[in-house]
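The values are calculated or read from the model by the stated rules, or taken from the named source; none is laboratory data. Just so it is clear, the structure is predicted and the values come from calculations on it, not from any experiment. Heads up, the Cβs are rebuilt from the backbone with ideal geometry, glycines too, and the neighbour counts pull from every protein chain shown.
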Amino acid sequence: MTLKTASFRILLIIFLLLAIGNHVSGQNLSKNAEISLLTCSPGDELYSQFGHSALRIKDEEKKIDLVFGYGTFNFNTPNFYPKFARGKLDYMLSYTTFDRFKNGYIYEKRGIVEQKLNLDSIEKHKLFTALLKNYQPENRYYRYDFLFDNCSTRIRDIVSENTSGTVLFDTISDQPKSFWNLLDPFMQKSRWIFLGIHLALGIPCDAEATPYQYMFLPDNMMLGFEHAKIRTDETIKPLVKSTNVILKPALNFKITNWYQRPVFIFGLLALIGLILGLVYLKRDKDLFIFDIFIFGVCGLLGWLIIFLWFFTDHQATGPNWNIIWAFPLHFPMVFTLLRKKSSLPAYYYFLLHSIILILILGSWAFIPQSFPNEILPFVVLLLLRSLYIVKKIRTRLL
């Protein structure tokens with residue numbers, strides 16, 4: 001494709017979107033218009049691991065069939081990755097035609113479930129008007145938050161705010177659930193992603209979620225809408241009047257093999273550390289490279305936790321008790337082991353670390369924040385290596 005052809009296509013797309021926008025903004029919906037919640041199944045990419053939610057506006061009389069969604073972000077935003085990491089990236093409301101939306105999910109082999117909302121003409125008009133107002137350039141951007149302000153919660157809120165009565169959301173679970181309990185079913189196909197998210201997020205995820213908060217996940221919002229009622233002074237009616245499957249998911253997720261899972265890798269690493277420690281202890285030799293690797297990685301993780309906790313706008317990244325085993329000072333403290341002369345500060349540092357790790361392992365089930373069980377073998381490895389270092393330094397100092 002030549003540069004001239006590409007430029008022409010881009011200009012054509014922009015022109016069509018502007019034309020659609022002007023056409024839509026100047027119309028009211030007919031009495032037979034329908035507004036639906038669309039729930040899309042999870043995809044392969046990290047940003048699509050939890051699915052997606054959108055609102056469909058369909059009016060055959062006015063030839064309108066559009067999909068509005070709050071999950072759009074711009075990769076061309078200046079400093080995109082630093083802003084994303086610091087929780088300062090703005091997402092926005094966007095819309096497209098239903099056919100284009102559907103074709104995208106056909107291509108990705110993902111499913112779409114449609115729930116037609118039980119709204120009267122006035123409520124439909126209010127909701128449509130609110131979406132158009134939200135789409136104005138000064139209103140369309142918002143500061144994304146994984147748990148509390150995302151593509152699902154925005155739809156939940158705008159629907160609730162534009163009904164004539166009060167939307168009553170009932171619980172969708174017989175047992176109280178924390179945010180981690182809600183996230184766990186989506187993490188089974190990739191335990192490494194689960195581990196990364198679990199290490200990055202802190203105590204807020206251990207809080208018990210309310211039925212209203214369940215709906216930060218698209219699938220839960222679909223269930224929440226299914227059980228919800230609209231209560232007015234005169235009546236109580238279901239929020240959803242019908243449900244149909246537009247697309248069935250055809251994506252086959254590749255489940256991580258047992259030997260590729262974190263618990264196996266860390267367990268194997270702990271076993272190697274134990275064997276090497278016993279062998280090198282008899283030879284009175286050090287495992288400099290091995291120790292620098294495990295404590296260096298652990299220390300860098302600790303600094304990342306510090307960064308996410310104190311230097312970002314993410315609400316769920318702090319307090320984070322993972323810091324009590326992932327000491328940031330491991331990096332650079334581990335490099336003191338390279339000195340030929342044993343260091344007394346290093347002795348007390350690793351002695352203190354050993355005591356803390358023993359306390360952590362002894363109270364694993366009682367710590368206010370749930371730690372991922374996958375890192376248990378790694379914590380054991382840290383303890384073994386810390387005790388080994390303490391013994392080595394003590395022997396040399398005496």
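The table that follows gives values for the structure above.
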quantity	calculated
Exclusive hit being over 23 Å from LYS285 (Cβ atoms) and buried (at least 18 other Cβ atoms within 10 Å of the Cβ), set ILE367, ILE375	ILE375
Any hit, region 334-350, residues being surrounded by fewer than 19 Cβ atoms within 10 Å (Cβ to Cβ), under 25 Å from PHE264 (Cα atoms) and of a type outside the set (S, T, N, Q)	no
Residue list for region 46-86, restricted to those being surrounded by 15 or more Cβ atoms within 10 Å (Cβ to Cβ), within 30 Å of TRP303 (Cβ to Cβ) and touching a Lys or Arg at 6+ places or on another chain (Cβ under 9 Å)	SER48, GLN49
Yes/no for GLU114 being among the acidic types (Asp, Glu) and under 27 Å from PHE253 (Cβ atoms)	yes
Selection within region 48-96 - in a loop (DSSP other than H, G, I, E, B) and free of Cβ contacts under 8 Å to residues at least 24 places away in the same chain	LYS63, ASN74, PHE75, ASN76, THR77, PRO78, ASN79
Residues of region 183-213 classified as surrounded by fewer than 21 Cβ atoms within 10 Å (Cβ to Cβ) and closer than 22 Å to VAL113 by Cβ, total	9
Any pair with Cβ under 7 angstrom, 6 or more apart, that starts in region 190-201 at a residue that is not assigned by TED's automatic domain parsing to the domain that holds GLY43 and ends at one that is of a type in the set (Ser, Thr, Tyr) and crowded, with 19+ Cβ neighbours inside 10 Å	ALA200/THR317; LEU201/THR317
Subset of region 107-166 (residues that are of a type in the set (Lys, Arg) and either in a loop (DSSP other than H, G, I, E, B) or surrounded by 18 or more Cβ atoms within 10 Å (Cβ to Cβ) (or both))	LYS109, ARG110, LYS124, ARG140, ARG154, ARG156
Any strands (runs of 3 or more DSSP E) falling wholly within region 225-287 and containing at least 2 residues that are touching a helix residue (DSSP H, G or I) at 6+ places or on another chain (Cβ under 8 Å)	240-247
Residue satisfying all of: in region 169-189; polar (S, T, N, Q) and not in a helix (DSSP H, G or I); modelled with the highest pLDDT among these	SER178
Failed criterion for MET187 (all others in (1) under 29 Å from ASN162 (Cβ atoms); (2) in contact with a helix residue (DSSP H, G or I) (Cβ under 8 Å, 6 or more places away or on another chain) hold)	(1)
Residue within region 138-160 that is aromatic (Phe, Trp, Tyr), within 25 Å of MET92 (Cα to Cα) and free of Cβ contacts under 8 Å to residues at least 60 places away in the same chain present	yes
Lone unmet requirement of (1) closer than 24 Å to ASP44 by Cα; (2) acidic (Asp, Glu); (3) out of contact with any Phe, Trp or Tyr (no Cβ under 8 Å at 6 or more places or on another chain) for GLU161	(1)
Breaking point among (1) assigned to a helix (DSSP H, G or I); (2) out of contact with any Pro (no Cβ under 8 Å at 6 or more places or on another chain), for PRO328	(1)
Pairs, first assigned by TED's automatic domain parsing to the domain that holds VAL167 and under 21 Å from GLY51 (Cα atoms) in region 221-243, second loosely packed, with under 15 Cβ neighbours inside 10 Å and among the charged types (D, E, K, R), C-beta under 6 Å, six or more apart	HIS227/ASP170
Hits in region 169-184 - residues which are in contact with a helix residue (DSSP H, G or I) (Cβ under 7 Å, 6 or more places away or on another chain) and of a type in the set (S, T, N, Q)	SER178
Selected residue (only one of GLU114, GLU108 is in contact (Cβ under 8 Å) with a residue 40 or more places away in the chain and farther than 30 Å from TRP192 by Cβ)	GLU114
Residues (farther than 23 Å from PRO204 by Cβ and either loosely packed, with under 15 Cβ neighbours inside 10 Å or free of Cβ contacts under 8 Å to residues at least 40 places away in the same chain (or both)) located in region 291-317	PHE293, GLY296, VAL297, GLY299, LEU300
